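Inspection log for the structure reproduced underneath, given as structure tokens.
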There are 2 protein chains.
Amino acid sequence: MTERKKLTPLSEVGEFGLIDHISKHVKLKNNETIKGIGDDAAVMSYGENQMVVTTDMLIEGVHFDLMYTPLKHLGYKAVVVNLSDVFAMNAVPKQITVSLAMSGKFTLEAIDELYSGIYAACEAYNVDLVGGDTTSSVTGMAISVTAIGAVEPGKAVYRNGAKANDLICVSGDLGAAYIGLQLLEREKEVFKSNPNVQPELEGNDYILQRILKPEARGDVVELLGSKGVIPTSMMDISDGLSSELLHICKQSECGCRIYEDKIPINDAIKPMSKEMNIEPLVAALNGGEDYELLFTISQADYDKIKDNQSVTVIGHITDKTSNAFLVPKSGEEIQLVAQGWTAYNPD
Amino acid sequence: MTERKKLTPLSEVGEFGLIDHISKHVKLKNNETIKGIGDDAAVMSYGENQMVVTTDMLIEGVHFDLMYTPLKHLGYKAVVVNLSDVFAMNAVPKQITVSLAMSGKFTLEAIDELYSGIYAACEAYNVDLVGGDTTSSVTGMAISVTAIGAVEPGKAVYRNGAKANDLICVSGDLGAAYIGLQLLEREKEVFKSNPNVQPELEGNDYILQRILKPEARGDVVELLGSKGVIPTSMMDISDGLSSELLHICKQSECGCRIYEDKIPINDAIKPMSKEMNIEPLVAALNGGEDYELLFTISQADYDKIKDNQSVTVIGHITDKTSNAFLVPKSGEEIQLVAQGWTAYNPD
């Protein structure tokens, strides 16, 4: 029989103890970071660059379910979704702050797990954790991450620059995270009705990795930079391709056509899509959480990206009298609609 | 009889509708702000300056109680506590981001109230709201604010620069916010036991304003700048004077002596302190939420600040073999202890 490791309740550690505990694992990596954790604020320097800032808050029970989300993955993902927004500006992330609210049900060991994911993301993307806040909550966990990045003046890419005839591109493939999430939700229900049944997750590594440990496409930003391509508009895909395309069309005052047979969908999602009766195309259009980049480029730049495996051209921008349409493999064009947003839960 | 105004549930507005609703009230004021709300990230430029960043998360039921906190005041305070951290770096705040999680019990009109306070703070302190996140929560409200400021290279002031014989200064007066909070808590209990009893808040404007609508001491940072004084260390007083002084002593590796009869306490707190049997000195040392600045200056700078009404010299720094002591009006020196931290509530 193995002895159960003794866990440390947060009430024994206290706020200042927790901050010391967290900050001793932090090593600063960027020259732009002058002063990190431990003062009223962090200090940064940007010389000739401009900087971008973005923030996202994740709430237990709304954005994540600890029943099937390992804390390490949660920490990693909380950082990555913010870095994805920085890359979507054509910028390079340099620093993050992390604020964490948690109830007394969490132990120091649980917080260490969460931060091990945060540190892993900082390592993978070469960003510095420079500050934050730790506090108690009445119930559950909330994580708020702010990311700061650098961009050369004039090179930030907005959502409002797409022009008629520009090519619409996406990185990677779409829809897998949504199918992964549906699988996790299904197995959770099975477990709740009979805790002795083991979850059936085998053979679904790709879709599970896409929902639990997404990556931000800094490699695509680097690729575009190395080819001398500045997209005319760009954003990351967190709410689903349809919803994001409509943002670009609205802000750029244009329409678009995308082609069903061009939308990149990984074959790995097909068995589970079929088993769960979800059309892969619907998952790709409306699923969300892919954290791929959606961007438009001038046709003149097509040759520079056409041979790259990470980028797919899925359609083109049309003028502002048109709407946004999907051209299916057969039959009539279908107008794209925004995904329904999450309703605010009554208490 | 007046007709009751129809309120709008957030579920009718949706996330994107809410973001549009919020951003249409925002006007950018700073040259350093290139792009505000409406993209993946905001874009800023700092030219020859360095920048500072700080973040704080406020949780309903832990940091604020909506039973006695007007939403407008809450929005104002959520911004001000972050600006206070920026000033405590000897920096000037320029931008904020605001993330808000709220349950369906809140209406659009309630969110407007909250944001009216946020906008009022942006106006009062000349900062730009450049981004954020709005999301639903399972229960209650959480607000996470990140503030960014500018500072000339070499002029950021940390907690670790205090030297033996430096003078310890505080701005304004201390302890009133704590007494105000105790009054609000008392009246809440009275109300809960008999909702027909009206709260007795009259004649307590000062202490109530200190807890409900604190201000950040940018005027003191400006004053020090105009006199050519760079403090050797500085931080803001959010957890109470004792706790903050111990942070400076720990990081600067020094001790200190402060004098009871020098600690600035406003006469306005005395009647209620007496009624509630709380020593004003204890409120000043351990109460917290004053958002005044605590800083140390070289003795050579004393003449530059001695005539200013907003600054009081309360003691001096000693070498690192000493501890931190309060010298009372009579009797033996008392060692300062850190205020107990908030226990993490078990779920």
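Every read-out reported here was derived from the displayed coordinates using simple, explicitly stated rules and does not represent laboratory data. What you are looking at is a predicted structure, and each value in this text was computed from that prediction instead of being measured. As a convention, Cβ positions derive from the backbone with ideal geometry for all residues, glycine included, and neighbour counts pool all protein chains shown.
General observations
- Overall Cα dimensions of region B:1-157 - principal axes, largest extent first, Å: 60, 32, 30
- Hz values of 3J(HN,Hα) by residue in region B:216-233 - Karplus curve (6.51, -1.76, 1.60), Gly and Pro given as x: 9, 8, x, 4, 6, 4, 5, 4, 4, x, 5, 8, x, 9, 9, x, 7, 8
- Residues with amide H under 5 Å from that of B:Met141, placed H, sequence gap 5 or more: B:Glu60
- Proximal charge balance of B:Arg210 [Cβ under 12 Å; K/R count +1, D/E count -1]: -4
- Label-point spacing at B:Gly225 relative to the other copies reads 3.2 nm, in ascending order, each point sitting 7 Å out from Cα along Cα→Cβ.
- Calculated P(r) of chain A - Cα pairs past 27 Å, %: 51 percent
- Shape metrics for region B:237-339, restricted to C-alpha atoms - Rg then Dmax, Å: 14.0, 43
- As a ratio to 2.2 N^0.38 Å, the alpha-carbon radius of gyration for region B:282-323 is 1.41.
- Share of pairwise Cα separations in region A:167-335, more than 21 Å, in percent: 50 percent
- Between helix B:108-125 and chain B there is an angle of about 40 degrees, using the helix long axis and the longest principal axis of the Cα atoms.
- Backbone geometry of region A:78-88 corresponds, through the Karplus equation with coefficients 6.51, -1.76 and 1.60 at θ = phi - 60°, to 3J(HN,Hα) couplings of 4, 6, 4, 5, 6, 4, 4, 5, 5, 4, 5 Hz, x marking Gly and Pro.
- In nanometers and ordered shortest first, the copy-to-copy spacing of the A:Val197 label point, defined 7 Å from Cα toward Cβ, is 5.5.
- With a cut-off of 9 Å between beta carbons, the residues surrounding A:Ser144 carry a summed charge of -3, where Lys and Arg count +1 and Asp and Glu -1.
- When the alpha carbon gyration tensor of region B:134-260 is reduced to an equivalent ellipsoid, the three semi-axes, largest first, read 35, 20, 15 Å.
- Taking every C-alpha pair closer than 8 Å and separated by at least 6 residues, the mean separation divided by the residue count of chain B gives a relative contact order of 21 percent.
- Diffusion coefficient, µm² s⁻¹, Stokes-Einstein with Kirkwood Rh over alpha-carbon pairs of the protein assembly as shown at 37 °C and 0.692 mPa s: 122 µm²/s
- Here is how the number arises for chain B: DSSP H runs of 4 or more residues each give -39500 (n - 2.57), the sum is divided by the residue count, and the result at 222 nm is -9500 deg cm²/dmol.
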